[in-house]
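Data first, discussion second: the structure below is written as structure tokens.
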């Protein structure tokens, strides 16, 4: 019995010392052209609770080469911040973004963003984060986060901090 425990312990130790293949975190940056926006009013006021916003745009690498497209659907959740004397109208939106790179290679991000009341697009220069929740094709098993910034010219910069599954 004692020999079995020694052999088992030695085998366990040797197996735990093997090199594990682990994927390193990497950063990918893409520039999104100005999006085509389609607002879907589902309530009695524009930009209200439950309204939808669909968008699509060309996606480029940092050299300006077209690498795919980005599609998204965002639902508005209308919220007021502050107290009754100093209310701040903030529109929170919850959505899903799909970056398509052809040949079924896609990255999917989901999460929330905040806008000033009545804005259809993010304020320029403000960074918003979403979770990278998965992907298909060569991006199968991807995880991480994407930081999106609207640029002054109406384009968007998406910086993905991601890791592929082992």
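The values are calculated or read from the model by the stated rules, or taken from the named source; none is laboratory data. Fair warning: this is a prediction, and the values are worked out from it, not measured in the lab. Backbone-built Cβ (ideal geometry, glycine too); neighbour counts: all protein chains shown.
Data for the structure
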read-out: Selection from segment 30-41 of residues that are in contact with a strand residue (DSSP E or B) (Cβ under 7 Å, 6 or more places away or on another chain) and either modelled with pLDDT under 95 or surrounded by 13 or more Cβ atoms within 10 Å (Cβ to Cβ) (or both); value: 30, 31, 32, 33, 34, 35, 37, 38, 39, 40
read-out: Flag for residue 46 being surrounded by fewer than 13 Cβ atoms within 10 Å (Cβ to Cβ), under 25 Å from residue 154 (Cα atoms) and at pLDDT below 85; value: yes
read-out: Flag for residue 157 being touching a strand residue (DSSP E or B) at 6+ places or on another chain (Cβ under 6 Å), buried (at least 18 other Cβ atoms within 10 Å of the Cβ) and either closer than 30 Å to residue 88 by Cα or modelled with pLDDT under 95 (or both); value: no
read-out: Residues that are closer than 23 Å to residue 163 by Cα and at pLDDT below 95, drawn from segment 64-110; value: 95, 102, 103, 104
read-out: Flag if residue 88 is closer than 26 Å to residue 40 by Cβ and either surrounded by 16 or more Cβ atoms within 10 Å (Cβ to Cβ) or without any contact (Cβ under 8 Å) to a residue 24 or more places away in the chain (or both); value: yes
